[in-house]
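S.K.: First the structure, which I've put down as C-alpha cells, then a few questions once you've had a look.
Derivation of every value follows stated rules applied to the coordinates shown; laboratory data play no part. Nothing here was measured: the structure is a model prediction, and the numbers come from that model. So basically every Cβ, Gly included, is an ideal-geometry build from the backbone, and we count neighbours across all protein chains shown.
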Amino acid sequence: MQRVRQESFVSRPAQLRARAREAEAAGQLVQAARSGQGGALVLLGEAGIGKTTLLACAADVATGFQRLRAVGVEFEMDLPFAALHQLCGPLLHRIDRLPGAQREALEAAFGLRNDAVADPFRVGLAVLGLLTETSREKPVLCVVDDAQWLDSASARILTFVARRVGPMGVVFAFGLREVPDTDVLRGLPTLTVPGLPDGDARALLAAEVLAPLDAAVRERIIAEARGNPLALLELARSAGPTAIAGGFALPDTVAGRIERSFHDRVAALPDNTRRLLLIAAAEPVGDSGLLQRACAHLGTDLAAAAPAEAAGLLEFGARVRFSHPLVRSAVYRAAPLAERRAAHSALARATDREWDPDRRAWHRAMATTGVDEDVAAELEQSAQRAQARGGLAAAAAFLEKAAALTPDPTLRNARLLSAAQAKHNAGAPDEALNLLAAMDTGLLDGVQHATSVRLRGRISFAVQRGNEAPPLLLEAARLLGPLDPGLARETLLEVLWAAAWAGRFGHAEAVVRATEAILVGTPRPQPLGASDLLLDGIVTLFTRGLAAALPDIRDALHAYRRSEEMHALPLACRAAWGVWDDDALEALSTRLTTTARESGALAVLPVGLNFEAWLRLHQGHFDRAGALIQEADAVAEATGAPQTSYGAAFLAGWRGDPDQGGRLLETSAREAASRGEATAVTVTELATSVLHNGGGRYDAALIAARKAAKQVQISAFGVWAMPEVVEAATRLGQTEVALKAADQLSERTLPCGTDWALGVEATTRALLADDTAAEDLYREAVERLERTRIRVQLARTHLVYGEWLRRQRRRVDARTHLLTAHEMFSTMGAEAFAARAEGELRASGGFRRPADGPERLAVREPKVARPAPARSKPPAGLTEREVQVLCLVAQGLRNREIGMKLSISSRTVGHHLAHIYDKTGRRTRAGVTLFAMEHGLLP
C-alpha cells in the first residue's frame, strides 16, 4: 500500500532537488534586500515544475522581512487591480503617508473612493511609495505566483514598480508559466526552471512513494512526468501501479494532469467542503469575512473547511488561500456551471452594495443566466465609475459583460461600441476588434457607424502605424462631416498624423488631397481653436507649400502655448519642428510630457517623451535623451503600446559607433519597413547619414541622406536630411547634387526666419560658397545658432568652419573652432564627430606630444614661445591658483592631469575652472584658452 505525505506534496529537501542554481539565485535576491539593494527575478517554467516551491523557499529564508504575496487567477484577469490589492492589502495602513494625488489614485484603484482617478502612473508611484516606506523599517519580499494570470492593470503596475526598486531593500520574486505570446513581466531578469534529470526524478519518487514499485512502472512514471516534479508525485498518488501498468495515459498538458489530480482529491471531500472551496475559488481577494457570509447564504459555514485543510488544499489565516495556485483553478474549472453561478450569487449577496458596488455587480453578472437589463445597467454604472477613476481596463471589462447581458439589440450595440473604445484605450486592440465584430451593423445609426470605422482606423494606427489606417480614418471623417463637423475635423487631424507616419508606404500625398476635399465641405467652427488652425495649416503646407501655410501654423503654435488644449498636441510638436521653432518645441513638448504624466494619459506619454528626447539630443544632452527614450519604452511596455527602436537608433547615429550603431540602424529600418512605418524608415535613413558624415564616410552618408531627403514634402525628417546631403556631396565633389539640396532646403528655412533655420541655411551655403563669401556665412551661422538651443548644429558649424580655415592655411584660427567643436562633441558623447575634430586638430598642429607624456590638445604653434609679461595682479580678478589652472587648461591638460601636477583633486580643479568661467565670461575650455592667449598667460 502506498503511503504519501499529504500536507505539502513534496518535502523541503526534495523540493530543492536539482534546484541549486535556482535556489542560489533566489537566495542572492533575498540577501541583496538585506543589504538595501532591490531587484526582481522571474522564475519561468511549466505548471508544476517547482516555481511555487522555490518561491516558498525564498519566503522561508526571508526572516525579518515584510513578506507580501499575490497569486494570479485566470478567471479574475478582467478585474483590474485584483492582484495588486492582494499584494498591497497588508500595507494599506500606511496609505496616509503618501502624497495626496498618489493616495487618491490608489484608493480609487482599490474601490475605496469614487471621486478620484486611478491612473496607472500614479498608482504605480503610490505602490512604490508604500514599499519605500515599509523598506525603511525592514526589507520587503514580494512574491507573485501564477503571474501569467495577473489582471493587466496589476501586471503593468508590478512590472513598472519592479524596475524601480534598485536603490531600496525591496525585491520581487515572480512565478510565471510558460505560455505562448505572453508579454507579462517582459524585460525583468528571468531564470528558466527546467525539468528534473532522470536520476533526480528517480530519487524524488523513491523518497516520496514508500511502497515498492515495479521497475517498468517506475520508468513509465518518470518518462511521462517529463521531469515535472509535481506531475511526477501526483501521478504516483492518483493511480496505482496496476492502473499505470495497464496503459494509464496522461492528459496532453502538465497543467491538465495536475488539475485532474487535484480535482480527484477535491471530489473525495464532503459536499459542504467542496461548496466552500468553490466559493473561495470564486472570491478574488481571500476575504475570510466575505467567505463566511457567502457560505451562510448556501447553508454551510467555515467549519466545513477542516477536511480541505487536513488534505493540504486550503490555508486559513489573515486571508484565505489555496496551498497551490492550480488547486484554485482546478476547483473552479471542475465545478458545473450551475454551481459556479450559485457561488457567485452567494458572493454578490454577501458583498456590501455601498462599500464595494463594483465587485458586487461583477458577481451578479457571473451569476446571471441569459440576459438581464438590471444587471447590465448596474455594470454600466460600474464602468462609468471605473472610467472616472482612470480604470480603462475595468471599464472595458464591465462594458463587455454589460453588452453580453443586454436584451435590447440597439442598446447592446451602443454598449459594445463603448466597450470596444475602452478596450482600445486600455491597450487591448484585438479584443476591441472582436467587440466591433460582435455588433449588429444593420442596427447602427450614422454616428455609430462612423465612430466604429474611426475606431478601426485608430486601432490599425496604434498597432502598426502603416498604410491601413489613413483610408479608414478618411472614410470616418467623410461620414462624420454632415453629422458632427467638430468630430470630423478631429478625425481629419488623426488622418494627417497617420498619413505622416505611413508616408511613402501610404500614398500620403493622395491622402492629403482627400483630406482637403473633405475639409472644404466641413463647416469651420467660430472662433477657430488651436487644433482648427493646425488642421488648416497642415493641409495648406502639403498642398500649397510652407510660405502659404506659415501664418496658420504659427497662429496654431501660439494658440497651443496660450491654451490648455491637448487634442493633436503631438502633431503641433511635429509642426514646431517643421517650422524650426525651438522655443515652441521646448514649450509644447515639455507640456505634452508633463500633462501626460500628471493626468495619467499613458497612451500619449511615450509620444511626448520621444519629442522631448529628440529636443534634448539636439540640445546636446545625449544622456538625458537616452533616459527619456528608455522611459518612453518602459511606459509603452506598461501600457501595451507598440514599441519601436528608431528613437534609440537616432541617438546611436549621433553617438557615432559604426558597429553597434550601424547594426541598430539596420534593425530599426528593417522593422519599420515591415510595419509600413515610413516615418521611422526616414528617421533611420537620416540617422544613418549622420553616423557616416560624423565618421567621414561621405559616400555612404550621401546614399542614406538622399533617400531620406526624397520625403521632404511629407516629413520634417526629410527636411533635416538636406544639410546632410549638402555636407556629404560637397566633400565628394558632387556640387550639382549639393546645390539642388541647398535650394530645396532654402524653401523650408528662409520663410521661417528663425535663428535655427537661418543658422542651418548659412552653414549649408558656406559649404558651397567661394573663399570670399564663405567666412561671412560661417560667422553668421555661428552667431545665429548661439542664440538657439540647438547645440549639435552649432558644434557642427564650428567643425566645418574650422575645417575650412585649416584648408585656408589659417591654422591658429582653425584650432579655435576645432577645439570648440571637439570639446562640445566630447561633452555630448558624439564620438565620431569628436574624432573627426581631433583629426583636424592633429592636421593643424593642434596636438603635441611632450617628451614625458601623452598627446595633448594645443592651441598654439608648437615652436612659438612667448614669455608672459610681468603683472602686478592677474586679469579678471583671478586668484594665483586659478591662473595656474587656466595655464594648464590652455596647454591642453585635462582635469585629472592638472590635479596631478598641482597635487589637488580633479573635483577641486573643476571647482576652480567654474570660477574661471564666471570671471572671464568664457564658457568653454577653448574660450578660456583664448583668454589666456589674449592676456599673455601662456609661457
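S.K.: Excluding residues fewer than 8 places away in the same chain, name every one of the aspartates and glutamates whose C-alpha is closer than 18 Å to that of LYS740.
M.R.: ASP699, GLU724, GLU727, GLU761, ASP770
S.K.: For segment 31-107, what percent of Cα pairs sit more than 14 Å apart? The partial results should precede the final answer.
M.R.: Numbers: 2180 of 2926 pairs.
The share of Cα pairs beyond 14 Å in segment 31-107 comes to 75 percent.
S.K.: Could you bin all the Cα-Cα distances of segment 395-554 into 10 Å bins starting at 0 and give me the percent of pairs in each, rounded to whole numbers?
M.R.: Percent of Cα pairs in each bin: 11, 35, 32, 16, 5, 0.
S.K.: For segment 264-350, treating each Cα as an identical point scatterer without solvent, what Debye log10 I(q)/I(0) comes out at q = 0.13, 0.14, 0.25 1/Å?
M.R.: Treating every Cα as an identical point scatterer, log10 I(q)/I(0) equals -0.33, -0.38, -1.42.
S.K.: Neighbouring Cβ atoms within 10 Å as the yardstick, rank PHE81, PHE322 fewest first. Let's see the in-between values first.
M.R.: Numbers: PHE81 26, PHE322 22.
Starting with the residue having the fewest Cβ neighbours, the order is PHE322, PHE81.
S.K.: How are the Cα pair distances of segment 19-192 distributed, in percent, across 5 Å bins from 0?
M.R.: Final binned percentages: 2, 9, 19, 22, 21, 15, 8, 3, 1, 0, 0.
S.K.: Cut-off under 16 Å on the C-alpha distance; same-chain residues fewer than 8 positions from LYS138 excluded. Which aspartates and glutamates are left, in chain and number order?
M.R.: Correct list for LYS138: ASP60.
S.K.: Between ARG561 and ARG789, with labels modelled 7 Å along Cα→Cβ, what's the label distance in nm to one decimal, could you check?
M.R.: A separation of 1.1 nm, rounded to one decimal place.
S.K.: Once Rh is set to the Kirkwood radius over Cα pairs, what Stokes-Einstein translational diffusion coefficient, in µm²/s, holds for segment 758-845 at a temperature of 25 °C and a viscosity of 0.890 mPa s? Don't skip to the end; give the middle numbers.
M.R.: Values: Rh = 12.6 Å.
Answer from the Stokes-Einstein relation: 195 µm²/s.
S.K.: Continuing with this model, one more query. For segment 315-359, take the alpha-carbon Rg, divide it by the Kirkwood Rh, and send me Rg/Rh.
M.R.: Values: Rg = 12.9 Å, Rh = 12.4 Å.
For segment 315-359, the value is 1.04.
S.K.: Another one. What are the aspartates and glutamates whose alpha-carbon lies under 13 Å from the alpha-carbon of LYS423, with same-chain residues fewer than 8 places away excluded?
M.R.: Here the aspartates and glutamates satisfying the reach criterion relative to LYS423 are ASP78, GLU400, GLU431.
S.K.: Relative to the Cα centre, what is the charge dipole magnitude of segment 264-350, using +1 at the beta carbon of each Lys and Arg, -1 at the beta carbon of each Asp and Glu, and rounding to the nearest 20 debye? Kindly include the intermediate steps, with their values, before the conclusion.
M.R.: On the way: 11 positive and 8 negative charges, 51 e Å.
The calculation lands at about 240 debye.
S.K.: What area, in nm² and to one decimal, does the C-alpha convex hull of segment 293-436 cast on average over all directions? Before the final figure, lay out each step's value.
M.R.: Details: hull surface 40.5 nm².
Average projection, Cα convex hull of segment 293-436: 10.1 nm².
S.K.: With N set to the residue count of segment 473-545, report its C-alpha Rg divided by 2.2 N^0.38 Å to two decimal places. Walk me through the intermediate numbers first.
M.R.: On the way: Rg = 11.4 Å, N = 73, 2.2 N^0.38 = 11.2 Å.
Relative to the rule-of-thumb radius for its length, segment 473-545 sits at 1.01.
S.K.: Next question, about the same structure. Please work out, to two decimal places, the log10 of the ratio I(q)/I(0) at q = 0.12, 0.13, 0.17 Å⁻¹ from a Debye calculation in which every Cα of segment 696-805 carries one identical scatterer.
M.R.: Listed by q, the Debye log ratios stand at -0.36, -0.42, -0.75.
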